[in-house]
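The structure appears below as C-alpha cells.
The values are calculated or read from the model by the stated rules, or taken from the named source; none is laboratory data. Please read all numbers here as calculations on a predicted model, not as lab measurements. Cβ: placed from backbone, ideal geometry, glycine included. Neighbour counts: every protein chain shown. Quick note on the areas: whole protein, heavy atoms, side chains included, nothing else; ligands and nucleic acids left out. Shrake-Rupley method; radii C 1.70, N 1.55, O 1.52, S 1.80 Å.
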Amino acid sequence: MSIEVAVRVSAQLGEGPTWDHSSSTLLWVDILASEVHRYAPARDDDAVLALPQHVGAAKPRAQGGLVCNLRDGIALVDRDGTKSWLVYWARDGVRGNDAGVDPSGRLWAGTMRYDQAANEGWLARVSGDGAAKVVVSEVNTSNGVGWSPDGTLMYFIDTPTRRIDVFDFDNAAGTVSNRRPLAHVGGTDGSPDGLTVDADGCVWVALWGGHAVRRYTPGGELDREVALPVDQPTACCFGGSDFTDLYVTSARAGLSDETLVQRQLNGSVLVLPGIGAGLPGVAFAG
C-alpha cells in the first residue's frame, strides 16, 4: 500500500471529499477559506470556486452544479455559477459542517457552533424541493454521515461523543430510528471526524488528531488502521475510475508553527490507491 499526495495545498480546514463520477473529479472544501475545490486527477488540476460564506460541504446535483452547506443555510450553485438559497436558517454563531446524500438523493446537512460550547447544532434532511426537517437535534459537532450499501442503515458522527453511531434507516420515508453506538474511539486515538462506507459495508473514519484512518466492520470491530503523514485527517471518500482509491482531506488550523514545519503535508489532500472498494455516490435531487 502506498500513500500519495493528490493535492499539495495548505488548506486551513480541508473537508468533505466527494467523488463526482459524472466528471471523474474530486470535490472538497476548505471551510475557513470559503472555497470549493474540484480536483481532476487526469489533469492534475485543482480548480477553486470562492463562495461568500464558510462552506462545510459541496455535493453534485443531478441536474448539474452543486449544492453547498453554507454558514447560513443550503445554497444551489448552477452550472453558470449562479447562486441561490434553497434553505435559509441562519443562527448567530452557527455554521454548516459536513453533509451527505442518501440513496434517494436527499441531502443530510449538519451544523455546529463556531465555539463548540453547547449542543446547538443539528442534522437536517433537505429534499430537492427545499423541504427541510431537523432529524437529529442537540448535536455538538455534526460530522460524518453515510449509508450502508443496501440503504437500511445510516451512520453518523457527533465528534465529541467519540462514537460512530448507527440508525435504522427507512429510505422511502427518509426517517431514522433506533440510534445506537457502532464503535467507540479511545481518548488517546484522535477524534472521529468524517466517514465513508465501502462496498463491504465497512465504515472508514478519519481520526482528527490521530494521524490515521480506520475501518470498522458492520459489527463495529476495528479491522484496519492506516497511519498518515498528517496530524489532522478530517474526512475520506472512495474515488477513481473503479472506486478503489481512498482520498483523505486534512487541516492545518490550530497546529503550531513547529508542527507545520515538521509535517508539511498538513492541509493537503492525500490518496491511498487501491486500498479498498467503494461505491458510486448519489447526486442531490435538486
Given the criterion assigned to a loop (DSSP other than H, G, I, E, B), modelled with pLDDT under 95 and open to solvent by 10 Å² or more (accessible area, probe 1.4 Å), identify the matching residue among Asp189, Asp200, Asp242. Asp189
Within segment 203-229, how many residues turn out to be surrounded by 15 or more Cβ atoms within 10 Å (Cβ to Cβ), closer than 18 Å to Pro149 by Cβ, free of Cβ contacts under 8 Å to residues at least 60 places away in the same chain and of a type outside the set (Ser, Thr, Tyr)? 1
Is it the case, given these coordinates, that Thr244 is without any contact (Cβ under 8 Å) to a residue 40 or more places away in the chain, more than 14 Å from the chain's Cα centre (by Cα) and under 16 Å from Ala6 (Cβ atoms)? yes
Looking at segment 245-277, which of its residues are open to solvent by less than 10 Å² (accessible area, probe 1.4 Å) and assigned to a loop (DSSP other than H, G, I, E, B)? Asn266, Gly267, Ser268
Within segment 256-275, track down each residue that is touching a residue at least 12 places away in the same chain (Cβ under 8 Å) and over 18 Å from the mean Cα position of the chain (by Cα). Thr259, Arg263, Leu265, Pro273, Gly274, Ile275
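Condition first: of a type in the set (Val, Ile, Thr) and within 19 Å of the chain's Cα centre (by Cα). Now tell me which residues in segment 176-208 satisfy that.
Val185, Thr196, Val197, Val203, Val205
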